[in-house]
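Comments concern the structure below.
The values are calculated or read from the model by the stated rules, or taken from the named source; none is laboratory data. Since this is a predicted model, take the numbers as computed values, not measurements. Cβ placement follows ideal geometry from the backbone for every residue including glycine, while neighbour counts extend to all protein chains displayed.
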């Protein structure tokens, strides 16, 4: 049985509780009771969320858990944590196997001194303030979650679900994590090394025909994907299509294809299941050198450097 302590801060964000759903589903048959979850606060009793709803909690007590997770609040300017919470977090880090944070919960771990000299992530909107307040932390805001030894940090609220799935994977194995992801109707488990920002967020087409083109690109990245082919999908002439695509997405078809190829290639690179040459072929770059130039132009480093960095990231807490 894995004992989980989830710390609820004052005016917590309800969405940060979504991570607990992962452990709740993992307890369903046939697996049985794998996790014992305790929702904690300084004094116990009801704690009001930022949206006005109240959650019943247990008071801080024995700091010994398998995993302690610090929840998040929605303030854009992060307040300092109270001394009792900081003390409990420190004690928990010493007594428990691992400790984690969701979104702005990273500020609490940093205030407790647990992140000094370690890599950590947080929501991109908090990154500037976090760097200024905690210069000893190696802040990497362009990550979904990061595991540095026994300490895990995640980006926004939904990234807390990805972090919880990674914890579950570490505890019970990939099959259990896949089962929970399926029950949550997640079409993709995001790895920690993935970027918080998706290229698809830059493309918000207003018409079905351009939406169909983007879906066609994603399904056929390994193909040449000429403007003429994409124009046929949209049932427009190449000139009409190029104008419509630029107007609706803010970028040219060629730029959109490259961005989607880069995103897919980076995901495959960080997964580490395929060689660089295979990744280049499968994502339409065709050859390693062409992909290398695109990676350097966009990410500042070639693909093999990203792979080495991903391999250095631990995949399970100590």
Look through segment 70-94, keep the residues that are without any contact (Cβ under 8 Å) to a residue 60 or more places away in the chain and touching a strand residue (DSSP E or B) at 6+ places or on another chain (Cβ under 9 Å), and return whichever of them is farthest from residue 1 (Cα to Cα).
79
Which number in (1) more than 21 Å from residue 131 (Cα to Cα); (2) at pLDDT 90 or above marks the one condition that residue 33 misses?
(2)
Name the single residue, out of those in segment 10-22 being buried (at least 23 other Cβ atoms within 10 Å of the Cβ) and more than 10 Å from residue 51 (Cβ to Cβ), that is modelled with the lowest pLDDT.
16
Considering only residues of segment 131-168 that are surrounded by fewer than 21 Cβ atoms within 10 Å (Cβ to Cβ) and without any contact (Cβ under 8 Å) to a residue 24 or more places away in the chain, which is nearest to residue 20 (Cα to Cα)?
140
Are any residues in segment 114-130 over 24 Å from residue 165 (Cβ atoms) and either in contact (Cβ under 8 Å) with a residue 60 or more places away in the chain or assigned to a loop (DSSP other than H, G, I, E, B) (or both), and if so, which ones?
116, 117
Go through (1) closer than 14 Å to residue 284 by Cβ; (2) under 28 Å from the mean Cα position of the chain (by Cα); (3) part of a loop (DSSP other than H, G, I, E, B) and name the single condition residue 225 misses.
(2)
Determine whether residue 128 is crowded, with 24+ Cβ neighbours inside 10 Å and either at pLDDT 90 or above or farther than 18 Å from residue 17 by Cα (or both).
no
